[in-house]
Every structure is written in C-alpha cells, then in structure tokens.
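The values are calculated or read from the model by the stated rules, or taken from the named source; none is laboratory data. None of the values given here were measured: they were computed from a predicted structure. Ideal geometry is used to build each Cβ from the backbone, glycine not excepted, and the neighbour counts take in all protein chains shown.
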Amino acid sequence: MDAGIPEGRAVFIDRDGALIREARYLRRPEQLRLYAGAAGAVARLRAAGFKVVVVTNQSGVGRGYLTRRRLEEIHRLLRRRLKSGGARIDGLFYCPHLPSDRCPCRKPRIGMLEKAARRLGLDLARCYLVGDKTADVQTARNAGCVGVLVRTGYGGRDGAYRARPHAVRRDLAAAAAWILRAERAGRLSRPCRE
C-alpha cells in the first residue's frame, strides 16, 4: 500500500458501462463481461491505498426483470472475476428502485455513497467517482467528489444532466491512471470543457 494516500479515500466505480460491459438490464450471470484492464485498474487503485467501491442503480429489480437473489448471484460472480484478475473491491452498493420511486440512494442522489462513507470511514470530499453516464458525473458533483467520465458504455451520451466531469478518459484503466497521476501531483484538474 502506498503511504501517500491518506485514510478515508475511495474511488467509487459505476458497474454497468464502466466496470463491466453495458448489457441493458443485465439479468443473468452469463451476460457479465468485465472490461479488459478493469481488474488491473482496481488492483492498482487499491495498491495505491484507495478503497474501491462499486455503486450501481439496478432498477431491473424494481421492474421485475430479475430478483435480488439473482442480482446477488451476479455480484458474487463479479467479485470472483475481479479476484481471478488479481483485484478485489471493498464494497458494492446498489439501488433496486425505479426512478419514479425517488429513492435517496438512486444516483444522482448520494445515499449509496453516504452509506459507504459511514461503513468504510470515507471523506466524500476526498473521493473520486468513475462512471459512463452524466448521472454518475452529477452524483459526483452532488457528493462533492471528483467525477471522471469514461467513454465506454454510454460514454456520457445519455445526456440526462449537464454536469461537467473533472476528466474524461477512454476507460477505467485510463481513469485509474489519471487519478493516480492527480494524486502524485497533489492537485486536481479543473472541470473539463468537453
């Protein structure tokens, strides 16, 4: 572990489109496809001293497309795939509700991040959030985190929010490299104009 990363720091990662391939309501474990380089990115972030936490909206449960039991099965497989790639996550939080439920955990609200912060002793103002949707960037803004948009998955083309990320990177591996460079430099980039 790198002594340069103080306690209470984390990188939150969106599941679908950032960590794994977007499958539009992934319903079965066999649909799960980890992005190339994703496990290595998680391992590098953890080796640097960050906690790594997955935060994901899963309204497929609320819509009846899959059960919580099936979702947990998918998440166990995700953990196994990461482990086989030399990585592990410190937490995985999901919101099973529909957008119309107005759940405080559903991104862009910050309930999942707050729960992770309480459980893991995190300072949200010193954390990062990596995702492929503008909802992820808005979540980062709402929580006071640094938002990094990746071009995989939706690549920001969902257009739901106008929040600007601090950085836009090709994929999770490139986002992790940017985060580690920003930490070594001791400062964050200004919000990007892309």
Residue in region 137-149 that is in a loop (DSSP other than H, G, I, E, B), in contact with a strand residue (DSSP E or B) (Cβ under 7 Å, 6 or more places away or on another chain) and either among the acidic types (Asp, Glu) or without any contact (Cβ under 8 Å) to a residue 60 or more places away in the chain (or both) present: no
Selection from region 59-78 of residues that are surrounded by 14 or more Cβ atoms within 10 Å (Cβ to Cβ), without any contact (Cβ under 8 Å) to a residue 40 or more places away in the chain and more than 21 Å from Arg119 (Cα to Cα): Gly60, Val61, Gly62, Leu71
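Rundown of residues vs (1) touching a Cys at 6+ places or on another chain (Cβ under 9 Å); (2) surrounded by fewer than 19 Cβ atoms within 10 Å (Cβ to Cβ), yes/no style:
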| position | (1), (2) |
| --- | --- |
| Asp14 | no, no |
| Ile20 | no, no |
| Ala23 | no, yes |
| Glu30 | no, yes |
| Arg33 | no, yes |
| Ala38 | no, no |
| Val42 | no, no |
| Leu45 | no, no |
| Val55 | yes, no |
Boolean, Tyr128 is within 26 Å of Ala36 (Cα to Cα), touching a helix residue (DSSP H, G or I) at 6+ places or on another chain (Cβ under 6 Å) and in contact (Cβ under 8 Å) with a residue 40 or more places away in the chain: yes
Members of region 98-136 that are within 15 Å of Ser59 (Cα to Cα), part of a loop (DSSP other than H, G, I, E, B) and not hydrophobic (A, V, I, L, M, F, W, C): Arg102, Pro104, Arg106, Lys107, Pro108, Arg109
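Please work out if Tyr65 is within 19 Å of Leu98 (Cβ to Cβ), at pLDDT 95 or above and in a loop (DSSP other than H, G, I, E, B).
Values: within 19 Å of Leu98 (Cβ to Cβ): yes; at pLDDT 95 or above: yes; in a loop (DSSP other than H, G, I, E, B): yes.
The answer is yes for Tyr65.
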Neighbours by Cβ (under 9 Å, 6+ apart or cross-chain): first from region 79-94, over 18 Å from Leu66 (Cβ atoms) and surrounded by fewer than 19 Cβ atoms within 10 Å (Cβ to Cβ); second modelled with pLDDT of 95 or more and among the polar types (S, T, N, Q): none
Single match in Val11, Val54, Val42 (criterion: in contact (Cβ under 8 Å) with a residue 12 or more places away in the chain, of a type in the set (A, V, I, L, M, F, W, C) and in a helix (DSSP H, G or I)): Val42
